[in-house]
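The values are calculated or read from the model by the stated rules, or taken from the named source; none is laboratory data. Predicted model, so just to flag it, every value in this text is computed and none were measured. Neighbour counts are summed over all protein chains in view; Cβ atoms, including those assigned to glycine, are modelled from backbone coordinates with ideal geometry.
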């Protein structure tokens, strides 16, 4: 009788294929007298439950009848359970939205009137900065596509030193402008080709309009003045813009003191001393480092020398106890005394060899003990142990000394010299200064300020200015800042796209040209200007042929920024455009993201307590038993 129950099945597949709704219509011989069929709605897991004597259609048969293409070409996944896979146009738009969100965080710091960000990490460490590379490094970005913006900010900082905020803002604006094209169904490869074509056009235009003012300066004084103006432009957007005249001289002198064939900015040492004002910062044409740990007898050593000889060592001048498990077997007390005398004789031989060199300043990367300190004090020699490796390297660069790993063969050619050595009080710290070095290829900037966060931001600002001056000495062409270059590129590319770009890529090139206007627009927004009015006036000026028309921050208008000495190296603009376009193309090329589930960290196996541990913790030893209540 059960075999006659089932007449037909109607199956509907919901969005989740894990369950199948089965509507069963049936009649039994007992129900033949009733007017209509009875229906029963049940939920059965996939595959369908087996019915006795009348099996329902199999799951593959249902899929084949409903979706033939899915049955012929099923999508197989080789990833483990929990893997998140997203693909298609929606994934591209999701990546674009993530990058735009990062851009909206950092764009308020752009320009001379940009604000600073107060960032607090997981350990509670505070950082106040408007440096783009620092902000991107401290942002805890988890979206994989948005992390690309962190990479381009880091590369811009390493290659050029400035323009880190601009490159992130420009990359985000390019993606924002092409998002509408992606939503309309334009192929991402078409957009990528158009962006790369626009990038090449922009770079060629920059090289065409750039001006070489450093080589054409003629005299050394004009060259230095040009470098100071470039450094001043880099500082205008920083915390120290009110003291830019003081620091631009310091920055240019620091870069010019380096080896001009190498220009290794790592040889510019920066020391922070809290307290005092910015104007109390020092430029030392040589080396300065904080006084190291010293032993008794250091007070008797002289702290000032003129034209001293300097020896740099990597030798430990200290009597130390034997290492662990050391063993010396002797038969008589006299033999033990001979061992002690030999130890003393070894260190005295080292000290005597150093004294015979005639050096008045002894530096070592390793400790200089109390015995050596008193020995040198008796002979009017200054010594400092535990000198940092980078400070020691810069001392060698400045004085011409060579680091020695032994005291037995120190010759005259291994010694260095400087004009003046002194130990000076700077703020609350004592510093050792080596100045007037004839062979100096290094220098030191001693920065003063109120708070540690403030001095750290000053150091980051000086780093950007130092990199700008360094690149200007290698790439001598400059362009005008204040949005002038971006507006000229935008005006040129709009006209070029109308005339020479085919229909498909024309919209992409125009979107790129419009994205370039984000720099002057954001500069106006951060300064509180009417961005719409100023951008319209800038468009009119550039159509008239005024190439260097940019934002006038002094009078809230438009001016010739080349004549106003708002200068930037052309390398900054070229590198920023290329990096922003490459990042945008990379993000647009990704149409599928596969994110694996994080693996659970292996936990250490739990170990039981050793026998008797609980009893000993309660005060009872082995065999004593637990104390009884009432005793």
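Structural remarks
- Residue 111 vs. criteria free of Cβ contacts under 8 Å to residues at least 24 places away in the same chain, assigned by TED's automatic domain parsing to the domain that holds residue 517 and at positive phi: no
- Failed item in (1) exposed (fewer than 11 other Cβ atoms within 10 Å of the Cβ); (2) part of a helix (DSSP H, G or I), with residue 352 passing the rest: (1)
- On inspection, residue 270 does not qualify as at pLDDT below 85, touching a strand residue (DSSP E or B) at 6+ places or on another chain (Cβ under 8 Å) and either over 23 Å from residue 494 (Cα atoms) or surrounded by fewer than 21 Cβ atoms within 10 Å (Cβ to Cβ) (or both).
- Strands (runs of 3 or more DSSP E) wholly inside segment 254-340 that include at least 1 residues being over 35 Å from the mean Cα position of the chain (by Cα) and either more than 18 Å from residue 458 (Cβ to Cβ) or touching a residue at least 12 places away in the same chain (Cβ under 8 Å) (or both): 304-306, 309-313
- Taken together, the criteria place residue 447 among residues that are in a strand (DSSP E or B) and within 26 Å of the chain's Cα centre (by Cα).
- From 437, 418, residue being modelled with pLDDT of 90 or more and under 25 Å from residue 257 (Cα atoms): 418
- Test result for residue 226, assigned to a helix (DSSP H, G or I) and under 30 Å from residue 128 (Cβ atoms): no
- Unmet criterion (only one of (1) buried (at least 18 other Cβ atoms within 10 Å of the Cβ); (2) not in a helix (DSSP H, G or I)) for residue 135: (2)
- The lone exception for residue 265 - which of (1) crowded, with 16+ Cβ neighbours inside 10 Å; (2) touching a helix residue (DSSP H, G or I) at 6+ places or on another chain (Cβ under 6 Å) it fails: (1)
- Hey, residue 532 more than 27 Å from residue 187 (Cα to Cα), in contact with a helix residue (DSSP H, G or I) (Cβ under 9 Å, 6 or more places away or on another chain) and without any contact (Cβ under 8 Å) to a residue 24 or more places away in the chain or not: yes
- Scanning segment 138-156 for residues that are surrounded by fewer than 24 Cβ atoms within 10 Å (Cβ to Cβ) and touching a residue at least 60 places away in the same chain (Cβ under 8 Å) gives 144, 145, 148, 151, 155.
- The requirement of being surrounded by fewer than 23 Cβ atoms within 10 Å (Cβ to Cβ) and in contact with a helix residue (DSSP H, G or I) (Cβ under 6 Å, 6 or more places away or on another chain) is satisfied by residue 206.
- Qualifying residue in segment 553-563 (condition: modelled with pLDDT under 95, within 24 Å of residue 467 (Cα to Cα) and either buried (at least 16 other Cβ atoms within 10 Å of the Cβ) or in contact with a helix residue (DSSP H, G or I) (Cβ under 7 Å, 6 or more places away or on another chain) (or both)): yes
- Positions within segment 506-524 being without any contact (Cβ under 8 Å) to a residue 60 or more places away in the chain and more than 16 Å from residue 492 (Cβ to Cβ), in sequence order: 521, 524
- Tally, over segment 496-508, of residues that are modelled with pLDDT of 90 or more and closer than 22 Å to residue 544 by Cα: 0
- Residue in segment 107-132 that is surrounded by the most Cβ atoms within 10 Å (Cβ to Cβ), counting only those that are assigned to a strand (DSSP E or B) and in contact with a helix residue (DSSP H, G or I) (Cβ under 7 Å, 6 or more places away or on another chain): 129
- Residue selected from segment 315-332 under the condition modelled with pLDDT of 80 or more and over 29 Å from residue 376 (Cβ atoms), by the criterion surrounded by the fewest Cβ atoms within 10 Å (Cβ to Cβ): 329
- Criterion: buried (at least 19 other Cβ atoms within 10 Å of the Cβ) and either modelled with pLDDT under 90 or assigned by TED's automatic domain parsing to the domain that holds residue 349 (or both) - qualifying residue of 409, 380, 391: 391
- If you go through segment 369-392 and pick out every residue that is within 25 Å of residue 306 (Cβ to Cβ), outside any loop (DSSP other than H, G, I, E, B) and either without any contact (Cβ under 8 Å) to a residue 60 or more places away in the chain or more than 43 Å from the chain's Cα centre (by Cα) (or both), you end up with 6.
- Qualifying residue in segment 355-362 (condition: closer than 21 Å to residue 269 by Cα and not in a helix (DSSP H, G or I)): yes
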